[in-house]
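In what follows, a single structure is set out as C-alpha cells and then discussed.
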C-alpha cells in the first residue's frame, strides 16, 4: 500500500536520477517535470514504477516527455 511519504520519496528519487542523467539542475528538472506532467504520471503509476531499476525509470520518463513533446507539435 502506498503512502504519501513513499510517493514523495519516489518522486524525489526520480528527480535526482533524471538530474544526474541529464547533467542539469534541480530547478531545470522541476520545470521540465512540471511542464510535461511527469510528477503526476509518476505518482499515478507509482505502484508499477517504484519497483523498476533507475535506468528503466529514466528511459520511461524520457519516453513520456517525448510523447508529450510530440503531442504539443501536433496540436500547434
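No value in this document is a laboratory result; all are computed from the given coordinates. Not measured: the values here are computed from a predicted model. Ideal geometry is used to build each Cβ from the backbone, glycine not excepted, and the neighbour counts take in all protein chains shown.
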- Where a residue in segment 10-25 is at negative phi and its partner, wherever it lies, is surrounded by fewer than 14 Cβ atoms within 10 Å (Cβ to Cβ) and assigned to a helix (DSSP H, G or I), with Cβ under 6 Å and at least six apart: 19/26
- Among the residues of segment 17-48, how many are assigned to a helix (DSSP H, G or I) and either closer than 20 Å to residue 72 by Cα or under 10 Å from the mean Cα position of the chain (by Cα) (or both)? 17
- Can you name the residue in segment 49-67 that is touching a residue at least 24 places away in the same chain (Cβ under 8 Å), part of a helix (DSSP H, G or I) and surrounded by 15 or more Cβ atoms within 10 Å (Cβ to Cβ) and, of all such residues, is farthest from the chain's Cα centre (by Cα)? 49
- Among the numbered criteria (1) exposed (fewer than 11 other Cβ atoms within 10 Å of the Cβ); (2) in contact with a helix residue (DSSP H, G or I) (Cβ under 7 Å, 6 or more places away or on another chain), which single criterion is violated by residue 26? (1)
